[in-house]
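Before any comments, here is the structure.
The values are calculated or read from the model by the stated rules, or taken from the named source; none is laboratory data. Everything numeric here is computed off the predicted structure, so don't read it as measured data. Don't worry about glycine lacking a Cβ; one is built from the backbone with ideal geometry, like all the others, and counts go over all protein chains shown. The accessibility values were calculated without ligands, DNA or RNA, using every heavy atom of the protein model including side chains. Shrake-Rupley method; radii C 1.70, N 1.55, O 1.52, S 1.80 Å.
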Amino acid sequence: MIDPVPAKKSRRHFILGGLGLAGALVVGWGVLPPRQRLTGAHPLPAAHGETALNGWVMIAPDGRVTVAMAKSEMGQGVDTALPMLVAEELDVPLSMVDIMPAPIDKIYGDITMFPDGLPFHPDDRGAIKRAAQSLSKKMAREFGVMVTGGSSSVKDSWLPMREAGAAARARLIAAAAESWQVPAAGCHTEAGFVVHADGRRAAYGTLAARAAQMQQAAFTLKDPAQFKLIGRSQPRRDIPAKINGSAGFGMDVRPAGMVYAALSMCPTFGGSLQSYDGQAATSMPGVLQVLPLASNAKGAPAAVAVIANTWWQAQRALARLTVVWDAGPNASVSSASIAAQLATGLQQESGFTYYSQGDIRAGAQAAKTLRAEYSAPFLAHAALEPINCTARFKDGKLDVWLPTQVPSIAVTAAAKAAGISEEDVTLHQTYLGGGFGRRLETDMVTQAVAIAMQAKGLPVQLIWRREDDMAHDFYRPAALARFEAALSSSGEVLAYQSKSASGAPVQHMMERAFGLPKVGPDKTTIEGLFDLCYAFPNQKMAHVIVDTVAPIGSWRSVGHSHNAFFKESFIDEIAHARGQDGVALRRSLLTNHPRHLAVLNAAVEKAGKPAAGRAHGVALHQSFGSIVAQVAEVSVAGTQIRVHKITSAVDCGKVVNPDGVRQQMESAVVFGLSAALHGAITILDGQVAQKNYHDYPMLRMTQTPEIAVVLINSEAEPEGVGEPGTPPVAPAVANAVFTLTGQRLRSLPLKLATQ
């Protein structure tokens with residue numbers, strides 16, 4: 001059995017609710033209505049005579065609309081999809097809408113990631129879940145953390161940005177009606193005008209100032225049947241600038257007088273700076289300063305920084321530094337020792353049971369018991385734009401130029417690093433050259449600010465080398481999972497259980513971001529395993545948190561990225577043990593999940609039959625609210641796995657920009673396939689062995705398969721899109737490889753043994 005009497009009990013327990021008076025106060029506060037998200041603490045900054053009608057919408061005299069963007073554009077298309085929400089409700093063409101970064105304000109805080117992170121099963125419709133989600137949304141609104149992550153951008157913005165457009169529309173109608181001395185009910189809007197039934201028309205730009213002086217009129221959101229923009233593909237608004245080179249990324253900023261910084265960082269986890277000699281470096285041309293940086297709570301390691309007139313001069317000077325590192329207590333840690341640590345934790349701790357149903361002891365009557373163990377390595381984010389941050393501290397004020405997924409957290413981190421008030425920090429947000437969860441962190445901010453504090457008022461641009469990025473990432477955790485399925489003589493699954501072990505990335509992130517203790521469960525460790533859509537009558541899923549010395553964080557699709565591989569591979573193992581096709585087994589287990597079944601059928605139908613010499617592998621997985629099925633068409637030559645085509649079907653609720661969703665599915669497939677075939681961070685002597693793309697390769701153009709995407713029509717509210725296409729890739733490929741070779745690959749990346 002997976003879970004015999006453990007040698008010791010897990011120290012982690014899940015507690016919901018408060019105690020005594022504190023609990024009563026929380027419950028009482030919880031029944032109050034949530035704070036509004038329409039009007040911020042300060043009006044939007046009007047740079048060109050615009051008039052703000054609420055915290056999201058400004059209108060210029062010429063009728064152009066400016067929309068505040070609370071989410072970071074990192075290639076996922078939010079600069080197109082989110083303005084569509086306002087434009088739809090405001091009745092203006094998308095071409096008339098401009099965007100601006102939202103200021104730091106609690107109304108822009110994400111309120112969907114917190115409830116989505118609660119460890120409830122998707123099929124749970126109970127009062128406790130509803131109450132907990134409602135309370136967590138209210139708490140998130142109070143904290144007001146501005147963040148782009150968890151595939152929540154459209155989902156979180158769906159209501160407030162539509163309400164902002166509808167509220168502005170109502171104000172404009174009221175202003176026109178007052179001007180014309182007619183009832184507002186006799187007016188409607190179209191293409192940037194308020195129109196009266198008698199034919200009179202007034203452009204929004206001529207009404208905005210009057211509208212801003214009026215009280216907010218009552219408004220209603222459009223019925224989806226009235227949508228003219230939402231659901232229709234729109235060209236990506238960020239693409240022209242990215243093609244012609246005018247787009248501004250973090251490394252493109254050039255404040256006057258800027259100098260550059262490069263770092264030498266302690267290579268071992270938890271090591272420290274013992275000594276350094278910068279004399280040879282400071283004598284080199286262009287070098288201005290050499291200074292030490294201490295490790296800090298944001299995850300930045302001990303380092304020595306070189307400031308120079310150019311980054312190349314700073315980089316060359318690093319080679320002339322004499323640095324002695326104290327490797328610390330982790331100098332002997334390796335991937336092998338961490339794997340042993342995970343295995344020991346899995347064996348000796350009971351872990352936390354996230355979900356159970358029925359009586360798992362029914363498996364004792366099994367005619368056959370199927371067991372399997374799966375593993376996944378650490379993974380780096382490896383975004384194309386290296387880590388960077390530009391900072392200037394002058395006259396008690398701090399300016400920070402940064403590609404970030406967490407603007408409000410970055411401002412807090414910068415202020416704390418400088419020892420000043422957050423009001424004295426100005427964040428200049430740029431495009432992100434890839435995020436994938438890496439830019440949820442602020443280690444680079446604390447480093448850049450610490451350097452800028454010593455730079456005598458000059459702006460300093462800190463740029464990491466690719467080798468720095470590989471060696472000092474916050475990695476996707478390594479994981480180990482054991483599965484067991486008890487089968488009757490007829491092949492019926494009597495009991496199904498899993499137990500897994502890994503680090504807890506959200507615990508680590510919360511400690512770095514907010515100083516919170518690493519306690520309690522972490523849903524991301526077991527997401528994709530405990531939230532099973534398949535109808536097994538008796539099931540149990542548990543997880544053991546095993547902390548290792550490697551720093552960990554969120555990686556695109558987080559726990560789903562490896563747990564989907566574990567679970568969907570084992571489902572195929574069950575099918576094989578039953579002498580059944582994997583698709584047929586899944587269909588038989590989805591009688592209670594018609595949406596999942598529809599997605600599976602759509603993918604299989606679209607994929608058709610594999611070409612001669614190839615095989616299909618299938619995987620079905622729900623993450624971030626969206627259901628994705630993928631069919632991989634694969635061939636094998638010797639030990640080489642070649643993926644020719646991936647067919648994806650997705651039900652993500654209401655689709656805002658269909659082309660944008662397709663692009664995200666394509667991106668997720670490429671990202672997931674890179675990891676499935678190549679991705680592995682290995683640790684030797686307490687440090688990362690990989691250095692650059694030559695030993696941590698990405699999928700090349702010649703290796704990229706044809707990708708077909710099917711969007712399932714749905715009237716449900718939007719769910720996540722940026723990440724759900726990644727998890728099914730690896731198991732779909734692995735299942736196809738098994739069909740071709742009979743080898744069941746249970747470890748990532750997928751490597752065939754020589755036969």
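The table for this structure:
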item	result
Inter-part distance where region 581-622 and region 664-724 are each reduced to a Cα centre, Å	21 Å
Net charge dipole size for the chain [Lys, Arg +1 and Asp, Glu -1 on Cβ; Debye, nearest 20]	660 debye
Estimated dipole of region 686-737 in Debye, rounded to 20 [Cβ of Lys and Arg +1, of Asp and Glu -1, Cα centre]	420 debye
Ala217-Ala716 pseudo-label distance in nm [points 7 Å out on the Cα-to-Cβ vector]	3.6 nm
Sequence of Phe566, Phe120 when ordered by accessible area, the most exposed leading, probe 1.4 angstrom	Phe120, Phe566
FRET efficiency estimate (nearest 0.05) - Cβ-Cβ, Thr310 to Ala41, R0 51 angstrom	0.80
Accessible area of region 306-354 divided out per residue, in Å², using a probe of 1.4 angstrom	48 Å²
Antiparallel content of DSSP bridges confined to the chain, in %, to 5	75 percent
Estimated D of region 34-127 in µm² per second, where Rh is the Kirkwood radius over Cα pairs and Stokes-Einstein applies at 25 °C, 0.890 mPa s	163 µm²/s
Sequence-separation-based contact order of region 406-450, relative, with Cα cut under 8 Å and 6+ spacing, percent	53 percent
Computed accessible area, Asp473, all protein chains, 1.4 angstrom probe, square angstrom	0 Å²
Per-selection metrics, the chain (Cα): Rg and Dmax in Å	27.2, 86
Relative contact order [Cα under 8 Å, 6+ residues apart], region 608-747, whole percent	38 percent
Dipole of the chain, positive direction: furthest Cα of Ala184, Gly559, Tyr355, with charges on the beta-carbon	Tyr355
Cβ charges +1 (Lys, Arg) and -1 (Asp, Glu), total dipole of region 614-748, debye	540 debye
Of Gly679, His428, Pro255, farthest towards positive along the dipole that unit charges on Lys, Arg, Asp, Glu beta carbons give the chain	Gly679
The chain, accessible surface, carbon-and-sulfur percent (1.4 angstrom probe)	55 percent
FRET E, pair Gln454, His188, Förster distance 60 Å, beta-carbon r, rounded to 0.05	0.50
Burial ranking of peptide ranges 173-180, 155-162 (average Cβ count within 10 Å, highest at the top)	155-162, 173-180
14 Å beta-carbon shell around Arg587, net charge (K/R +1, D/E -1)	0
Per-residue SASA entry for Arg130, accessible area with 1.4 Å probe, Å² rounded to 10	140 Å²
Accessible area of Met100 in the full protein assembly, 1.4 Å probe (Å², nearest 10)	30 Å²
Region 556-633: C-alpha gyration tensor shape, a/c 1.5 cut-off, then a/b vs b/c	rounded
Length released on extending from Ala637 to Asn601, taking residue separation times 0.36 nm less the Cα-Cα span	10.0 nm
Summed residue charge, Cβ within 9 Å of Tyr108's Cβ, Lys/Arg positive, Asp/Glu negative	+1
Sites Ala367 and Thr754 - FRET efficiency at Förster radius 30 Å, r taken between beta-carbons, to 0.05	0.25
Spacing of the two label points (7 Å from each Cα toward its C-beta) at Thr322 and Ile420, in nm	3.7 nm
Ordering of 34-43, 646-655, 308-317, 622-631 by packing [mean C-beta count within 10 Å, highest first]	622-631, 646-655, 308-317, 34-43
Sequence-separation-based contact order of region 674-716, relative, with Cα cut under 8 Å and 6+ spacing, percent	34 percent
Where labels lie 7 Å past Cα in the beta-carbon direction, separation of Gln580 and Asp685 in nm	5.3 nm
